[in-house]
């Protein structure tokens with residue numbers, strides 16, 4: 001699917017976006033917010049052994065037509081296609097995730113967008129840790145977005161590091177460089193991230209959807225609803241009612257039985 005084939009109207013309806021779509025920072029920020037708050041982060045097709053098809057039409061059909069969610073390669077892949085179709089100058093970047101303290105391979109996709117000779121990072125596919133808006137590509141930049149303080153800094157041989165402030169200390173989220181990313185690079189990252197038994201997505205059920213004053217996250221049977229800093233924790237039933245909760249909280253309908261999600265790939 002090239003930019004001329006992308007169904008802009010259907011995409012904008014999916015993310016409930018209205019208003020100007022001119023190529024500007026304001027439009028980029030509004031598109032980012034609408035996409036991020038509408039399309040959930042989730043990995044259920046991996047656990048259903050369906051695989052992650054990154055063909056642009058397949059991603060569009062899944063996330064827009066079928067109103068499913070996805071993970072970084074799908075969410076940011078769709079967002080990149082939308083930006084290009086709307087006339088933005090944008091390209092993919094790949095990042096190493098540092099959440100565990102040990103850097104991963106380049107298994108996370110984000111985007112670089114250039115507006116009026118200034119570069120911006122956009123990421124709608126890092127779950128609840130996603131930046132809540134475009135970030136200027138400037139070392140030393142920091143801001144509080146969506147109740148979280150983040151910054152860009154020199155990552156040494158890792159390139160540029162995105163960090164978040166937690167309990168008074170800076171925590172690494174992911175690092176990236178500006179090297180050109182080919183479709184084959186994304187295919188390699190997607191294959192490993194969605195199939196290797198050491199990756200989080202092959203053995204845990206994950207979903208996330210932000211709300212204006214908080215968000216909803218799912219990890220296996222544990223559902224957390226955060227509103228204005230207050231957290232409510234629920235344990236979802238080990239039964240078909242689990243699928244009802246997915247639909248209620250995330251609008252996810254996986255077209256499968258609960259037993260199809262069991263057992264999860266064991267993690268030694």
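Observations on the structure shown:
- The strands (runs of 3 or more DSSP E) found entirely in segment 167-268 that carry 2 or more residues being without any contact (Cβ under 8 Å) to a residue 40 or more places away in the chain are 169-176, 214-219, 222-227, 230-235.
- Test: residue in segment 101-111 that is part of a helix (DSSP H, G or I), on the phi > 0 side of the Ramachandran plot and either modelled with pLDDT of 95 or more or surrounded by fewer than 22 Cβ atoms within 10 Å (Cβ to Cβ) (or both): no
- Restricting attention to segment 117-141 and to residues that are surrounded by 16 or more Cβ atoms within 10 Å (Cβ to Cβ) and assigned to a strand (DSSP E or B), the residue that is nearest to the chain's Cα centre (by Cα) turns out to be 122.
- Every residue from segment 78-107 that is farther than 18 Å from residue 153 by Cα, touching a strand residue (DSSP E or B) at 6+ places or on another chain (Cβ under 7 Å) and in contact (Cβ under 8 Å) with a residue 24 or more places away in the chain: 79, 80, 83, 84, 88, 89, 90, 91, 92, 105, 106, 107
- Here segment 153-166 is the region considered, the condition is being without any contact (Cβ under 8 Å) to a residue 24 or more places away in the chain and part of a strand (DSSP E or B), and the residue that is farthest from residue 36 (Cα to Cα) is 154.
- Among the residues of segment 20-66, the ones that are touching a helix residue (DSSP H, G or I) at 6+ places or on another chain (Cβ under 7 Å) and more than 21 Å from residue 109 (Cβ to Cβ) come to 3 in all.
The values are calculated or read from the model by the stated rules, or taken from the named source; none is laboratory data. The shown structure was predicted, so the numbers you read here are calculated from the model rather than taken from an experiment. Positions of Cβ are backbone-derived with ideal geometry, glycine not excepted, and every protein chain shown enters the neighbour counts.
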